[in-house]
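In what follows, a structure is listed as structure tokens, so that the remarks can point back to it.
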Amino acid sequence: MKAALAELQIELTPYQINTLSQAAYTGWVWTTDNFHKMTILPETKQILFNTIIYVTFTLLLFNVGFALVLAIATFYLPKGQAGIFRALWLLPRISPSVLYVVLWKWLTWDTGFLNAILNPLGVAQRNWMLDTTLNAWVFVVLINGFIGASMGMILFSSAITAIPKPLLYASEVDGANRWQQIRFIILPQLKWPILFVTVYQCLSLLTSFEQILLSTDGGPGSTTEVWALAAYHNALDNYWGNLQYGYGAALALVLVVIGVIMSFIFLRFFRFQELVRQPRIEQ
Amino acid sequence: MEIILEDFTKRFGEVTVIEKMNLKIREGELLALLGPSGCGKSTTLFTICGIHRVDGGRVLFGDQDVSRVPAQQRNVGVVFQSYALYPHMSVFENIAFPLTVRKEHKNTIREKVAEIAELVHIGELLKRRPEQLSGGQQQRVALARALVRKPSILLLDEPLANLDAKLRLEMRSEIRRIQLETRISAVLVTHDQVEAMSMSDRIAIMKEGEILQVASPTEMYQQPINDFVAGFLGNPPIAFLDAHVQEGEIHLLNRKIQFNFPGSSMPTNGTKIRLGIRPEHYQPNNPIQIPGTISFVETQGRENLYDVMLDDGSILRSIQSSATESIEKSAQVLWGIQPDKVLIFDQAGNRI
Ligand SMILES: Nc1ncnc2c1ncn2[C@@H]1O[C@H](COP(=O)(O)OP(=O)(O)OP(=O)(O)O)[C@@H](O)[C@H]1O
Ligand SMILES: [Mg+2]
């Protein structure tokens, strides 16, 4: 509609546009056009690919990987230090997302912290976050990962402390060094929490987009535009003003369906029931 | 291998649990570490295997000082009270674990595991998981895992505590058999005196972080150095009577009963003493008769146990074959003691 107005070279105030939109609203119809559109638009492939990159890297590197590293490292630290360390990693989770992302922006801005340090060393000034696609991805994953790592860390930490002490003692007198103790005793005991965090975080990453929206907003270009963000953009925040509620809703619906299907696959594949039921040996 | 604790001291924060303990475990012997709950038995064991560090003194394996050697390098086999089997590993993997972490060759591991499984009679269980085993079988697996590495010493922390009575008897002799077959030095921690007496070559009796006496079971039973040791060994337990010494005689119960002081190191006139009388030494046909009233009867099948209350309210115990006619509660009896079988302690509890 707006495009049509532009063609006619009519300029209107937002209020007038609004009124016009209401008048022009044609009511709803049953249609699969939006899904059809989805399959032919090249950008669909792009956001699908982006989503896979986003979820995989954030999940493996941070929500599970880094969380494990944190939990295991703090387990071997003295109690007090471990507590402080864990509390520190909770900060990203409990701070308001807008504030949190703004901090990252300060860090990476043209006149931000990174540049303030690197400039004197002869590194050219740039916006580190949006400079290249790779940079954008690194920061998207970092920003989300720092938030997501805390949940895994807490779950893994408590699971590690729940391992009966004699088991760890036994492995030490049996000759296992730190690494072998982690590899043969601790990690196998964390199987269930690791699966749980993987599944849970995978599903929640699929639908999360607010940090990306606040940081790169899908940029540069649409290289970090993920599925959920695309749904939002199409439905509620189109730069050109032609809000496509229907198409956005269709995108969101696909996401829900993917989530449900994945949940079923996970439930099947990991046989949660069995894991939960498995009797734990008395220690 | 001979193991020596030399002035071993252990603190937890401010609390000193063990102060300057000295203990020697001889080559090839099974030494029982016996004592009440909380006296520091596990602490001592955990220090020998390196889980705890010493806060003073030394731990010697042979002539090597291992006080600063980490647990991983001490080559000690430990059977924990809870067995501490790795729940996610099969029996085979559990037993093989000490060899696996040493990166021994697969075939060597298989051979050694098979050999040790044979020794502890669990050859057919190797594929199972710990949770699919009975308590006694778990115990055997734990023992196999401790032994497979040919340890310098075998440590057993209350290994029988979690078993039912019948299994306990069975495992008692099994552990002893395996220890004798492997001729490995071993320490058995227990608070059960029967276990200590029946399984060990020597007993070290502990109280509040201190070793009171180290002796063979028989010697410790017959010649306890103080009333605590005398009271800890023997079931039903020894009974104590107050008495005092007068002109070479021991006077009991307001002088109603008097007999010559046995032995030579006679205390001075008027010294208050305590007599320790074991149930098997208070019997119908003994010379020094002490009258009393039966206050309690316990039938133990082969034997009957009687508590006899004396005139002054103190109690003596007697254990007698149930083949003889059993005596009813409240009956008057006139049983006796044998002076040379009586254990005599001073006021502080030390044996005279
Ligand atoms: N990690 C610890 N921190 C603080 N105190 C401890 C610790 N371990 C043991 N203690 C204390 O040291 C003392 C001896 O404990 P230990 O476990 O050696 O007793 P034990 O003789 O093995 O008793 P039990 O027969 O009940 O196992 C106890 O008073 C206990 O409270
Ligand atoms: Mg203990």
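The values are calculated or read from the model by the stated rules, or taken from the named source; none is laboratory data. Not measured: the values here are computed from a predicted model. Every residue, glycine as well, gets a Cβ built from its backbone with ideal geometry; the counts of neighbours run over all protein chains shown.
If you go through the stretch B:261-300 and keep only what is out of contact with any Leu (no Cβ under 8 Å at 6 or more places or on another chain), more than 16 Å from B:I319 (Cβ to Cβ), surrounded by 13 or more Cβ atoms within 10 Å (Cβ to Cβ) and not hydroxyl-bearing (S, T, Y), you end up with B:F261, B:P262, B:M266, B:P267, B:I273, B:I288.
Taking the options B:A161, B:A117, B:A165, name whichever one is within 16 Å of ligand 1 (Cβ to nearest atom) and surrounded by fewer than 22 Cβ atoms within 10 Å (Cβ to Cβ).
B:A161
Filter the stretch B:134-143 for residues that are of a type outside the set (K, R) and away from chain A (no Cβ under 12 Å) and give the result.
Within the stretch B:134-143, B:S134, B:G136, B:Q137, B:Q139, B:L143 meet the criteria.
Among the numbered conditions (1) crowded, with 16+ Cβ neighbours inside 10 Å; (2) closer than 17 Å to A:Y169 by Cβ, the only one that B:I4 does not meet is (2). Restricting attention to the stretch A:88-126, the residues that are under 17 Å from A:A136 (Cβ atoms) and of a type in the set (F, W, Y) total 3.
Here is a yes/no grid of residues against (1) over 15 Å from B:I4 (Cα atoms); (2) more than 20 Å from the chain's Cα centre (by Cα); (3) within 16 Å of ligand 2 (Cβ to nearest atom):
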{"position": "B:G28", "(1), (2), (3)": "no, no, no"}
{"position": "B:C39", "(1), (2), (3)": "yes, no, yes"}
{"position": "B:F61", "(1), (2), (3)": "no, yes, no"}
{"position": "B:Q72", "(1), (2), (3)": "yes, yes, no"}
{"position": "B:Y83", "(1), (2), (3)": "yes, no, yes"}
{"position": "B:K103", "(1), (2), (3)": "yes, yes, no"}
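The C-beta contact set for the stretch A:82-110 (first residue at pLDDT 85 or above, second residue surrounded by fewer than 16 Cβ atoms within 10 Å (Cβ to Cβ) and among the acidic types (D, E), distance under 6 angstrom, 6+ apart or interchain) is empty. Within the stretch A:103-127, the only residue that satisfies the criterion of being surrounded by 16 or more Cβ atoms within 10 Å (Cβ to Cβ) and among the hydroxyl-bearing types (S, T, Y) is A:T108. The residues of the stretch B:42-52 that are closer than 16 Å to B:E6 by Cα and within 9 Å of ligand 1 (Cβ to nearest atom), listed by number, are B:T43, B:T44, B:L45, B:F46, B:H52. When B:P224 is tested against (1) in a loop (DSSP other than H, G, I, E, B); (2) outside the structural domain of B:E19 (by TED's automatic domain parsing); (3) touching a strand residue (DSSP E or B) at 6+ places or on another chain (Cβ under 7 Å), exactly one condition is not met: (2). Taking the stretch B:21-133 and the strands (runs of 3 or more DSSP E) fully enclosed by it, the elements with 3 or more residues that are within 8 Å of another protein chain (Cβ to nearest Cβ) and closer than 16 Å to B:V148 by Cα are at B:76-79. If the condition is being within 16 Å of ligand 2 (Cβ to nearest atom) and buried (at least 18 other Cβ atoms within 10 Å of the Cβ), then the stretch B:198-210 contributes B:A204, B:I205, B:M206, B:G209.
Just the residues that are loosely packed, with under 15 Cβ neighbours inside 10 Å and at pLDDT 75 or above, please, taken from the stretch A:222-244. The answer is A:L236, and nothing else. Pairs meeting the criteria (first residue in the stretch A:167-191 and within 8 Å of chain B (Cβ to nearest Cβ) and buried (at least 16 other Cβ atoms within 10 Å of the Cβ), second residue of a type in the set (F, W, Y) and part of a helix (DSSP H, G or I), beta carbons under 6 Å, at least 6 apart or on different chains) are A:D174/B:F97. Looking at (1) away from ligand 2 (no atom under 16 Å from the Cβ); (2) surrounded by 19 or more Cβ atoms within 10 Å (Cβ to Cβ); (3) at pLDDT below 95, which one does B:R183 not meet, given that it meets all the others? All conditions are met except number (2).
Evaluated against (1) within 11 Å of ligand 1 (Cβ to nearest atom); (2) surrounded by fewer than 21 Cβ atoms within 10 Å (Cβ to Cβ); (3) touching a residue at least 24 places away in the same chain (Cβ under 8 Å), B:E29 falls short on exactly one condition, (1). Hey, can you tell me all the residues within the stretch B:6-20 that are within 12 Å of ligand 1 (Cβ to nearest atom), free of Cβ contacts under 8 Å to residues at least 40 places away in the same chain and away from chain A (no Cβ under 14 Å)? Matches in the stretch B:6-20: B:F12, B:E14, B:V15.
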